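What follows is a short report on a single structure.
The values are calculated or read from the model by the stated rules, or taken from the named source; none is laboratory data. Note that the structure is a prediction, hence the values are computed from the model and not measured. Methodologically, a virtual Cβ is constructed for each residue, glycine included, from the backbone with ideal geometry; neighbour enumeration extends over all protein chains shown.
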């Protein structure tokens, strides 16, 4: 038995290290291709430059960084309250028979390909935005709404699991002290499940920041500094997705450098959110 347990332990350890090794190889490849280009043209010029015209040697990605943050922020503004509300409803107010229908339906949203979201947004959402709010319709607002729906399964499932994992005496204690059902949820259950809820938001933020196909179809892909949610924009991911197919030489290296910046942004955001969550819990 000890030999079998050691064998299983070593196999699991090997699998864990293999996944880490794959991530390390990807990071090594991207940084190896992109960092020399960043140092060649200068980090400040690359990060703060407003012009992206590869044919003229202009490689500024500030407008795409701003566009990525606008779209991600809009998606979180929609996805966090809606996802958390759905998770609370599934945990606290949904009858068992209804939960058996609603929960798989919510999770099914994660199985829909992003191109389907983009196609639906292009046919249905973009004309609504254009006709009732103005602008081209292919805008940050349209992209944010699509991304908000795309991150819902992640936020709902993880937040619901976190709420259901709480010991029953949390809720019983709040009700015993005279709090209403909603006060118990808001003041006791949600703070107690904060770590899981924050984890769901972090994963949803990563999904929103890294989405490509749907955003290519929805955002309009204008390389300019956005000034409102009704403006067209281009994100870091859509820039790579659109131009990598025909890029070569310095242009190709610039796209790898864009990937480096995207990698660092996501790592910084995730680390900041985790540290903030731990600090509040302590």
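Below, the figures for the structure above:
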read-out	value
Residue within region 141-153 that is under 26 Å from residue 208 (Cβ atoms), surrounded by 12 or more Cβ atoms within 10 Å (Cβ to Cβ) and in contact with a strand residue (DSSP E or B) (Cβ under 9 Å, 6 or more places away or on another chain) present	yes
Count of region 179-211 residues which are buried (at least 17 other Cβ atoms within 10 Å of the Cβ) and farther than 20 Å from residue 165 by Cα	7
Evaluation of residue 122 against (1) over 14 Å from residue 219 (Cα atoms); (2) over 17 Å from the mean Cα position of the chain (by Cα); (3) in a helix (DSSP H, G or I) (one fails), failing number	(1)
Flag for residue 80 being surrounded by 13 or more Cβ atoms within 10 Å (Cβ to Cβ) and closer than 19 Å to residue 208 by Cα	yes
Residue within region 98-116 that is assigned to a loop (DSSP other than H, G, I, E, B), surrounded by 12 or more Cβ atoms within 10 Å (Cβ to Cβ) and in the same structural domain as residue 72 (by TED's automatic domain parsing) present	yes
Residue list for region 46-65, restricted to those being assigned to a helix (DSSP H, G or I) and out of contact with any strand residue (DSSP E or B) (no Cβ under 8 Å at 6 or more places or on another chain)	47, 48, 54, 55, 56, 62, 65
Region 192-223, subset part of a loop (DSSP other than H, G, I, E, B) and over 13 Å from the mean Cα position of the chain (by Cα), residue farthest from residue 241 (Cα to Cα)	193
So residue 23, is it touching a residue at least 60 places away in the same chain (Cβ under 8 Å) and within 27 Å of the chain's Cα centre (by Cα)	no
Qualifying residue in region 58-71 (condition: more than 17 Å from residue 238 (Cβ to Cβ) and loosely packed, with under 14 Cβ neighbours inside 10 Å)	no
Of the criteria (1) surrounded by 12 or more Cβ atoms within 10 Å (Cβ to Cβ); (2) outside the structural domain of residue 159 (by TED's automatic domain parsing); (3) closer than 22 Å to residue 205 by Cα, which one residue 29 fails	(3)
